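Peer 1: Starting off with a structure, shown below.
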Amino acid sequence: MTIEPPRGVKANLLKSYSSLSDNFLNSCHKVLEFKSLLLSLCLFHGNALERRKFGPLGFNIPYEFTDGDLRICISQLKMFLDEYDDIPYKVLKYTAGEINYGGRVTDDWDRRCIMNILEDYYSPSVLFHDHSYSASGIYHQIQPTYDLNGYLSYIKGLPLNDMPEIFGLHDNANITFAQNETYGLLGAIIQLQPKSSSVGGQGREEIVEDVAHNILLQIPEPINLQLVMAKYPVLYEESMNTVLVQEVIRYNRLLQVITETLRDLLKALKGLVVMSSQLELMATSLYNNIVPELWNAKAYPSLKPLSSWVMDLMQRLDFLQAWIQGGIPAVFWISGFFFPQAFLTGTLQNFARKSVISIDTISFDFKVMQQSVPELKKRPSEGCYIHGLFLEGARWDPAAFQLAESRPKELYTEMAVIWLLPTQNRKIQNQDFYLCPIYKTLTRAGTLSTTGHSTNYIIAVELPSDQPQRHWIKRGVALICALDY
């Protein structure tokens, strides 16, 4: 027998409270405080579980929080309330957020998110019976004089479908959730298609052959590495030359794989060479407009379908060609880099060597620019300008010059040019900003690297804001290099 896990905050609350009894609710010395904090804790548990359905907007990695995590938190809550005279909120938050739930969390940004959500549920304000957990007041605290049936009837009166406000998310998050469900379903349907079919008189093999021919026509020859190295030699005072050469090597390797595999596939389709299992998989990918795994292994992270991916690759190569022919650009298209982290290190290295100071003492200061890309003709004397980023979960307001709420149905918006300014022994002066992580793709999760961050993560930038950081953290706001279309 398998039991379908409950879906929605209401169903999770019902499940949590169904396993409790009136005796247990009244078993703590501080009965009223225990009942109020218990409802808060169960709401937090439902919140943490249901945030996963929003994909990376909720958590970068979907964690499997269990009833065991909730049970241990409940027993600790009862124990601490019995042992302490005052309510030890700091201890409660640490044990729940850092140990019981946080013990499963492997991503630093998810940990930041879960601790901020917990702030709403473990605070003195939840003890008031008129306390509301959401802006609309639908999710609220109730009189702690109620018995178990009172709590169950309150829970049954909650909406069946969760509103994004209970998670601190924008209403647009529902669109993201619906899209994720739809793409998952359609992806499964595509996988189940019959392998032999014809479209408008064209057979499967003919379609694959056409796609392969079209891509081969678009893919240029590899860039001449010797010419690039001659024009941009390794210089002590200009690390960008090394960055360019490394990028050219990586892109050349990818172009070589694409052309070789496409030629092999075309030969295999004609029967000139044996159709291996890898080429068979590649043909299926081309037919389904998916980037073949053979290319993905040598490529940069991307979620784009094949047709968009090829166009994106062309734009990236154009960016490199413009750099090679026209010199180091004034504004860097950060999304065009194969490995953006090397570019950021090169920028810090340039500053360290020019100023003759240790690179370990330098970090970036961030300034959002009012000028657009065409208006910035010259490189800054220190640091670099970057563009090509998209905001998810919020938008940039150029008039107010700060982060603002997303417009309805607008999931992603373009970010203004950002000036990364290297500064020695930097100290943060004011707190009127949101520390916003930059990711390569919308998935946000990657493999965990030795730095403790995912390989998808690049750097965090400070964006001006009139809202507290917690507001944007719960919104799941991040900057993305490349979208999925």
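We did not get these values from a lab; they are worked out from the coordinates using the rules stated. Keep in mind it's a predicted model, so treat the numbers as computed, not measured. Cβ: placed from backbone, ideal geometry, glycine included. Neighbour counts: every protein chain shown.
Peer 1: Excluding residues on the same chain fewer than 8 positions from Lys270, give the lysines whose Cα lies under 23 Å from its Cα.
Peer 2: Lys195
Peer 1: Could you estimate the translational diffusion coefficient of the stretch 9-183 from the Stokes-Einstein equation, with Rh from the Kirkwood formula over C-alpha pairs, at 10 °C and 1.306 mPa s, in whole µm²/s?
Peer 2: In µm²/s, the coefficient is 96.
Peer 1: How far is helix 340-355 tilted, in degrees, relative to the longest principal axis of the Cα atoms in the chain, given as a value from 0 to 90 rounded to the nearest 10?
Peer 2: That works out to roughly 80 degrees.
Peer 1: For labels at Glu405 and Arg379 in the simple 7 Å Cα→Cβ model, what's the distance in nm?
Peer 2: About 4.3 nm, to one decimal.
Peer 1: If you don't mind, there's one more thing I want to ask. Considering only the other residues whose Cβ falls under 10 Å of the Cβ of Asp171, what net charge follows from Lys and Arg at +1 and Asp and Glu at -1?
Peer 2: Around Asp171, the charge tally is -1.
Peer 1: Multiplying the sequence separation of Ile72 and Tyr146 by 0.36 nm and subtracting their Cα-Cα distance, what value in nm do you get?
Peer 2: Values: separation 74, 0.36 × 74 = 26.64 nm, distance 2.36 nm.
That pair, Ile72 and Tyr146, stretches by 24.3 nm at full extension.
Peer 1: So, one more: Output the antiparallel fraction of DSSP beta bridges having both residues in the chain, as a percent to the nearest 5.
Peer 2: If we restrict to bridges inside the chain, about 85 percent are antiparallel.
Peer 1: Can you pull out the GluC sites (Glu not before Pro) in the stretch 1-108 that DSSP calls coil and that have at most 12 other Cβ atoms within 10 Å? Don't jump to the answer; show the numbers that get you there.
Peer 2: Values: sites: Glu33, Glu50, Glu64, Glu83, Glu98; in loops: Glu64.
Passing sites in the stretch 1-108 are Glu64.
Peer 1: Would you kindly state how much longer the chain becomes between Asn180 and Glu293 on full extension, computed as 0.36 nm times their sequence separation minus their alpha carbon distance, in nm to one decimal? Walk me through the numbers before you get to the answer.
Peer 2: Working: separation 113, 0.36 × 113 = 40.68 nm, distance 2.18 nm.
38.5 nm is the gain from fully extending Asn180 to Glu293.
Peer 1: Something else: Quote the relative contact order of the stretch 1-139 in percent (integer), defining contacts as alpha-carbon pairs under 8 Å separated by 6+ residues.
Peer 2: The normalised contact order for the stretch 1-139 reaches 25 percent.
Peer 1: Now a separate question. Using 1/(1 + (r/R0)^6) with R0 = 60 angstrom and r between the beta carbons of Ser132 and Arg263, what's the FRET efficiency to the nearest 0.05? Provide the component values of the computation, followed by the final result.
Peer 2: Numbers: r = 64 Å, r/R0 = 1.07.
Once the sixth-power term is evaluated, E becomes 0.40.
Peer 1: Just tell me the longest site-free run in the chain, where the sites are trypsin sites (Lys or Arg not before Pro) in a DSSP loop having at most 10 other beta-carbon atoms within 10 Å.
Peer 2: Result, exposed sites excluded: 1-194.
Peer 1: For the chain, which semi-axes, largest first and in whole Å, follow from the square roots of 5 times the eigenvalues of its Cα gyration tensor?
Peer 2: Equivalent ellipsoid of the chain: 47, 32, 18 Å, largest first.
Peer 1: Straight-line reach from Lys10: which aspartates and glutamates fall under 17 Å, measuring Cα to Cα and dropping same-chain residues less than 8 apart?
Peer 2: Glu50, Asp67, Asp162, Glu165
Peer 1: What's the exposure ranking of Met229, Met115, Met79, going from fewest to most Cβ atoms within 10 Å? Present the calculation step by step, with values, prior to reporting the outcome.
Peer 2: Details: Met229 15, Met115 19, Met79 12.
Listed from fewest to most nearby Cβ atoms, that is Met79, Met229, Met115.
Peer 1: Once you keep just the Cα pairs under 8 angstrom separated by 6 or more residues, what percentage relative contact order results for the chain?
Peer 2: It rounds to 15 percent for the chain.
Peer 1: A follow-up question, please. What's the exposure ranking of Ile189, Ile458, Ile324, going from fewest to most Cβ atoms within 10 Å? Before the final figure, lay out the partial values.
Peer 2: On the way: Ile189 9, Ile458 21, Ile324 16.
Ascending Cβ contact count within 10 Å gives the list Ile189, Ile324, Ile458.
Peer 1: Quick one: compute the contact order of the stretch 129-285, relative version, from alpha carbon pairs under 8 angstrom and 6+ residues apart, as a percent. Present the calculation step by step, with values, prior to reporting the outcome.
Peer 2: Numbers: 81 pairs, mean separation 19.5, N = 157.
Taking the mean separation of contacting Cα pairs over the length of the stretch 129-285, I get 12 percent.
Peer 1: Here is the link list: Lys53/Lys156; Lys231/Lys367; Lys298/Lys474; Lys354/Lys427. Which ones come out longer than 30 Å on Cα distance?
Peer 2: Lys231/Lys367; Lys298/Lys474
Peer 1: How far is helix 173-191 tilted, in degrees, relative to the longest principal axis of the Cα atoms in the chain, given as a value from 0 to 90 rounded to the nearest 10?
Peer 2: 60
Peer 1: Further question on the same structure: Taking R0 as 22 Å, what's the FRET efficiency between Arg111 and Leu435 from their Cβ-Cβ distance, rounded to 0.05?
Peer 2: The pair Arg111/Leu435 has a calculated efficiency of 0.95.
Peer 1: Let me ask something additional. If the cut-off is a Cα-Cα distance under 14 Å, which aspartates and glutamates reach Lys93, setting aside same-chain residues fewer than 8 apart in sequence?
Peer 2: Asp69, Glu119, Asp120
Peer 1: On a 0 to 90° scale, report how tilted helix 31-50 is relative to the longest principal axis of the chain, with both axes built from alpha carbons and the result rounded to the nearest 10.
Peer 2: Roughly 20 degrees between the two axes.
Peer 1: In the stretch 335-378, what chymotrypsin sites (Phe, Trp or Tyr not before Pro) fall in a loop by DSSP, with at most 15 other Cβ atoms inside 10 Å?
Peer 2: Sparse-neighbourhood loop chymotrypsin sites (Phe, Trp or Tyr not before Pro): none present.
Peer 1: Next up: Provide the FRET efficiency to the nearest 0.05 for the Gln278-Thr345 pair, computing r from the beta carbons and using R0 = 30 Å. Intermediate values should be presented prior to the final figure.
Peer 2: Values: r = 35 Å, r/R0 = 1.16.
With R0 = 30 Å, the Cβ-Cβ based efficiency is 0.30.
Peer 1: Would you calculate a helix-derived [θ] at 222 nm for the chain, using -39,500 (n - 2.57) for each DSSP H run of n ≥ 4 and dividing by the full residue count, to the nearest 500?
Peer 2: -14000 deg cm²/dmol
Peer 1: Hey, rough spin-label estimate for Val234 and Ser358, points 7 angstrom out along Cα→Cβ, what's it come to in nanometres?
Peer 2: Using points 7 Å along Cα→Cβ, the separation is 2.5 nm.
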